Every structure is written in structure tokens, then in C-alpha cells.
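J.: Sharing a structure here in C-alpha cells format.
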Amino acid sequence: MASIQTAPSISADFPELIEGLPNICGWESQVQEVTQQNQPVFLPRTNIRLEDVSAAFAIALHMHQPTVPAGANGELIGHLQYMFEHTHEGDNHNAGPFSWCYSRIADFIPELVSQGCNPRVMLDYSGNLLWGLRQMGRGDILENLKRVACDPTYQPYVEWLGTMWSHAVAPSTPIPDLKLHIQAWQHHFAAIFGWDALARVKGFSPPEMHLPNHPDTLYEFVKALKECGYCWLLVQEHAVETLEGQPLSNKHLPHRLAACNSHGETISITALIKTQGSDTKLVAQMQPYYEAKTLSRQQLGGVTIPPLVSQIGDGENGGVMMNEFPSGFKNAWYDMRQSGGGKTGVVGLNGTEYLELIEAAGVQPADYPACQAVGQHQIWQQIGDAVSPEAVSGAIARLKQANPNFHMDGSSWTNDLSWVKGYENVLTPMNQLSALFHQTIDPLLADDPSLTRQPRYRNALLHNLLLQTSCFRYWGQGTWTEYARELYRRGEAILQADF
């Protein structure tokens, strides 16, 4: 089996920035080669023996700041930079603490390891944030993060998760752009942290935990993830249902997320279930650890395995995360150190590590209980075996008519917000720019695949992806929707002038 060390080496012709823009395209074949490696990532290095574990937990930190056209002369900058430049607006006084939060985990992990602890953490950083840190001269944060991304000493403790480069919510992202976001993040991450680090990224964290439930969108999302080398993704508990349309009964076991499109094609991917709500307190106070203490081993595929409590929270946002997480995080590992050195009983694991351990013990992905996106049972119940685009669209129309609350907008960490309703003034230009992008570029790309290396392509792609950032549909009408309109205007101008 090929070694991870055979990944292409980072060199001067694979830069992090190209003419001031992030490296988000142009090396598609190399990215594909690296991400399709299928050797174990954690299994050769883990210090956990599955038979010694009664229950486990996994926590992830989500980090993001959008890119906005709000520089001194309207240039694209990261919102963290905007916060520093406008400290008296809203909560912008938190810019300093936020910066510390983006870097501090790279201090906490070495500190805990040196103290005899056995910590684990998964990290999800958007492409916008990574670019914004470099733009504003905070390379020190990126250099610090390289300790836990590149140093073999800390690889057993930290797992990086892939995501959509520009923090786009998958259900309302134009289908042709799903894979572009996924690949853009892989390009950018490898350009910063190296090919070997990218080869270890096997789990995916969807922005806003937003899972598509339209059959065609979910199918294309899962297909794109698998084509890009991902083995599993994190899924919100209430975003999925059993194949019979019921809530999950074994949320602490991995599931097989099944997707069937309107043509009857099927695909599946492993899902780890993020439990409970979105409150950052759950991560800041290490609730998954204390919940795992109440659990015991379960049978799966004829093998007895520890259950896994999975949770993700913003890594910087809110007083509880800024102030309580450091002590909550460290104290949990100190507590585990006192009982079995953090290697027996209740332990922390990363997602890929857990899956590799249980599969090495004899569990097969086919043994995982199946689930599907919420609401899909009602569709399949209506149409039976007569699956066709017309049957699916007809079933959706009838279900919406019978129940005004039925929708195909997907489910995220909260049911209180919609990234669709009331945002036609963002969604319409977003879809228009995407359509123009593909109408203009796809024929050229078919004739010349090397187009993705050209600055004009990178610039057009960047603006197309940036417009799809969820933040422009999160903060309500006003400044943020105007940012979106400006990005649309610039993107349209680039496509008309440069192609």
C-alpha cells in the first residue's frame, strides 16, 4: 500500500497566494491524487486500544470569518480585519480575543501532551478565514497552527476536517459549485500546510451543519464528497431520519447516510451524528465527555464497540467559548489523566481515528445503521418504486400543499433560521452569477483544462464562491446583503471583461 510520504512535495510552483488571491484551483490532478489515498491515517499512530474503551467522545471547533468587500478602498478583506479597523462597531471589540482563539489550540495541545494528557480535537477552518489571516499579516497564527497540522508529534491528537471553502450552505448552493467549494478548500489547505497534511483530511464539516434534503442535491453533495476523497461527514441529529422516517435511536453509533436521486441512482457515505443543539456551551464545558461517562459499549455488526458522542461548536464566538473553553477543555483531560491516563474507560477520539479503530476490530461500513435526510421518507412513500424526476417533483409539490411546513431547504443546527426565505435579493444574483460562470467558462474548460491555472479563471471562481458565503443570508437585510450585491456586480464584470 502506498505511503502518505509519496504525496507531491510542496514547492515554489505551488504557492499559497497567486497574485494576491488564494490558491484555490489549478492543481486538480495533484489534489485528486493525494486525497484518493486510502491508507489508515490514525491507526498506525494511535495510543488507544479499543478493547480498553467503554465510551468515547469527539469534539470539533468551527472557525470562520467571511470575506467582505469592505477594505479602505473597497478591496476584499477578511471580516476579522474589518473588526480590527472598526473596533467601536457592534461586537468588533472582540477582534483581539477572536485572533487568540484561532491560534490557541496549537498551544493547548502541546501543553497537555507535555503534561501527560491524551487530548483530542478536530479543527474546521474556512478558506475565507485562512486567507483573511494571511491578508491581514497574521501569518503568526498560521505558523502556530502548522505545529498541530504538520508536526508528527501532535498528529495523533489533532484531526483537520475539510469544509466548503467559502462557508457556503450546501442545500442552496448551485449544484455545479458544490465540488468547486470542496476542491478549493483542499487546494488552499495543501498550499498552506502541505500535501501530507491534506492526505490526512478524511472527515468533512458542512457549514452551519446544513445538510441537503432534496434528493438530487443530497445525491450530488455526497457524490462530490466521495469524489474528493472524503470518507465521512458530520451530520446534525435532527437533519436525518431512519429509512422508515423515524428519529435516530442509535445516535452514538456511526450511520450510513443513504442518498437516492430522482433517477433512482444511489450512493452513501459514513456519517457521525452531532448530538443535541448548537450551543457552544456543549463544547466549551466539554459536555460530550460527561455524556460519554453515562454510556457503555454496544453491539454493531457482531462486534462490541464503544459509542461515540460527537459535537461541534464555534471555536471563538460567544463569551462561553472565549472565556470558559480553555479551562473546561484542559480540566477534562486532567480528569481523564487521573483515571487510566486518558487511554482507558472514557476517552477522547477523533472521528477518523474512531472509525479506523472499529473497522479494524471487524465492523464494516455496511453494518452501520442507515439514515437519510429528514423528510425524504415522505417522498419515497408517495412514489414507491416509480422513481423519476417528474415523480419526485410531483411528490414534493403535493407534500408542500398538504403541509406548509414541509420543505426541501435542508436542515442545519437550528430550525429557527432559513438561508432561503426572505433572501431572494441574495439568492437570485447568486444563482445568476453561478449560471453565468458556468455558461461562460465550462465550454472553454472543456477545450483547455489548463484554464484553471489562469489568473482570470481564479478571479472569476473566487467571486462566484464568495457570493455563496452563508453570512450574507444570516445577518439580515442591510449591510450584509449589500456586500452580496457588490460581489455579484464584480463577479459579473470579471466574466464579461475577461472572457
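The values are calculated or read from the model by the stated rules, or taken from the named source; none is laboratory data. These numbers come from a predicted model, not from an experiment. Cβ sites come from the backbone with ideal geometry, for glycine too, and all protein chains shown count toward neighbours.
J.: Give me a count of the residues in region 376-427 that are modelled with pLDDT of 90 or more, of a type in the set (Ser, Thr, Tyr) and buried (at least 18 other Cβ atoms within 10 Å of the Cβ).
T.: 0
J.: Same structure, new question: I'm trying to understand the selection: among the residues of region 335-361, which are within 22 Å of residue 205 (Cβ to Cβ) and assigned to a loop (DSSP other than H, G, I, E, B)?
T.: Passing the criteria: 349, 350.
J.: Next question. Cβ contacts < 6 Å: first residue in the same structural domain as residue 147 (by TED's automatic domain parsing), restricted to region 104-115; second residue part of a helix (DSSP H, G or I) and of a type in the set (Lys, Arg), any location; separation 6+ or different chain. Result?
T.: Sorted first by the residue in region 104-115, then by its partner, the pairs are 106/147.
J.: Has region 76-92 got any residue that is part of a helix (DSSP H, G or I) and among the hydroxyl-bearing types (Ser, Thr, Tyr)? Can you show your working first?
T.: Taking region 76-92 first, the residues part of a helix (DSSP H, G or I) are 79-85, 92.
Checking which are among the hydroxyl-bearing types (Ser, Thr, Tyr) leaves us with 82.
Yes, that holds for at least one residue.
J.: Looking at 58, 106, which is the one that is over 29 Å from residue 295 (Cα atoms) and among the hydrophobic types (A, V, I, L, M, F, W, C)?
T.: Working: 58 fails: over 29 Å from residue 295 (Cα atoms).
Of the residues listed, the single one that is over 29 Å from residue 295 (Cα atoms) and among the hydrophobic types (A, V, I, L, M, F, W, C) is 106.
J.: While we're looking at this one, here's another question. For residue 142, which of the numbered conditions (1) touching a Lys or Arg at 6+ places or on another chain (Cβ under 9 Å); (2) among the aliphatic types (A, V, I, L, M); (3) over 21 Å from residue 66 (Cα atoms) fails to hold?
T.: It is condition (3) that residue 142 fails.
J.: Of a type in the set (S, T, N, Q), in contact with a Lys or Arg (Cβ under 8 Å, 6 or more places away or on another chain) and surrounded by 20 or more Cβ atoms within 10 Å (Cβ to Cβ): does that describe residue 304?
T.: In short, no.
J.: Any residue in region 273-288 that is among the aliphatic types (A, V, I, L, M) and either within 24 Å of residue 379 (Cβ to Cβ) or assigned to a strand (DSSP E or B) (or both)?
T.: Scanning region 273-288 turns up at least one residue that is among the aliphatic types (A, V, I, L, M) and either within 24 Å of residue 379 (Cβ to Cβ) or assigned to a strand (DSSP E or B) (or both).
J.: For region 250-260, which residues satisfy the criterion of being part of a loop (DSSP other than H, G, I, E, B) and at pLDDT 95 or above?
T.: 251, 252, 253, 254
J.: Got at least one residue in region 240-257 being among the small types (Gly, Ala, Ser) and buried (at least 21 other Cβ atoms within 10 Å of the Cβ)? Break it down into steps so the answer makes sense when it comes.
T.: Taking region 240-257 as the starting set, the residues that turn out to be among the small types (Gly, Ala, Ser) are 245, 249.
Those still in the list that are buried (at least 21 other Cβ atoms within 10 Å of the Cβ) too: none.
No: zero hits.
J.: Oh, and also: May I ask you to list pairs of residues, at least six apart or on different chains, whose Cβ atoms are under 6 Å apart, with the first in region 333-361 being in contact (Cβ under 8 Å) with a residue 24 or more places away in the chain and the second being acidic (Asp, Glu) and surrounded by fewer than 16 Cβ atoms within 10 Å (Cβ to Cβ)?
T.: Note: pairs meeting the criteria are 344/52.
J.: Got a number for residues in region 67-102 being crowded, with 18+ Cβ neighbours inside 10 Å and either within 21 Å of the chain's Cα centre (by Cα) or free of Cβ contacts under 8 Å to residues at least 40 places away in the same chain (or both)?
T.: 12
J.: I'd like the full set of residues that are surrounded by fewer than 13 Cβ atoms within 10 Å (Cβ to Cβ) and closer than 14 Å to residue 494 by Cβ, limited to region 445-454.
T.: none
J.: Residues in region 239-255 that are touching a residue at least 12 places away in the same chain (Cβ under 8 Å) and either farther than 21 Å from residue 57 by Cβ or outside the structural domain of residue 353 (by TED's automatic domain parsing) (or both): how many?
T.: Of the residues in that region, 5 qualify.
J.: Taking region 265-312, which residues are of a type in the set (A, V, I, L, M, F, W, C) and over 22 Å from residue 118 (Cα atoms)?
T.: 267, 269, 271, 273, 300, 303, listed by residue number.
J.: A further question follows. Quick one: residue 14 ticks every box in (1) surrounded by 17 or more Cβ atoms within 10 Å (Cβ to Cβ); (2) at pLDDT 95 or above except a single one, so which number is it?
T.: For residue 14, the exception is condition (2).
J.: Out of all the residues in region 283-301, which are of a type in the set (Gly, Ala, Ser), modelled with pLDDT of 95 or more and more than 15 Å from residue 59 (Cα to Cα)? Break it down into steps so the answer makes sense when it comes.
T.: Quick first cut of region 283-301, residues of a type in the set (Gly, Ala, Ser) only: 284, 292, 296, 301.
In the following step, the residues that additionally are modelled with pLDDT of 95 or more were identified as 292, 296.
Result: 296, single match.
J.: Quick check, is residue 46 of a type outside the set (D, E, K, R), modelled with pLDDT of 95 or more and not assigned by TED's automatic domain parsing to the domain that holds residue 449? Can you show your working first?
T.: Details: of a type outside the set (D, E, K, R): yes; modelled with pLDDT of 95 or more: yes; not assigned by TED's automatic domain parsing to the domain that holds residue 449: yes.
Taking the combined requirement at face value, the residue satisfies it.
J.: Scanning region 35-66 for residues that are hydroxyl-bearing (Ser, Thr, Tyr) and under 24 Å from the mean Cα position of the chain (by Cα), which turns out surrounded by the most Cβ atoms within 10 Å (Cβ to Cβ)?
T.: Among those that are hydroxyl-bearing (Ser, Thr, Tyr) and under 24 Å from the mean Cα position of the chain (by Cα), it is 35.
J.: Being at pLDDT below 95 and closer than 30 Å to residue 220 by Cβ narrows it down to one residue among 275, 280; which is it?
T.: It is 275.
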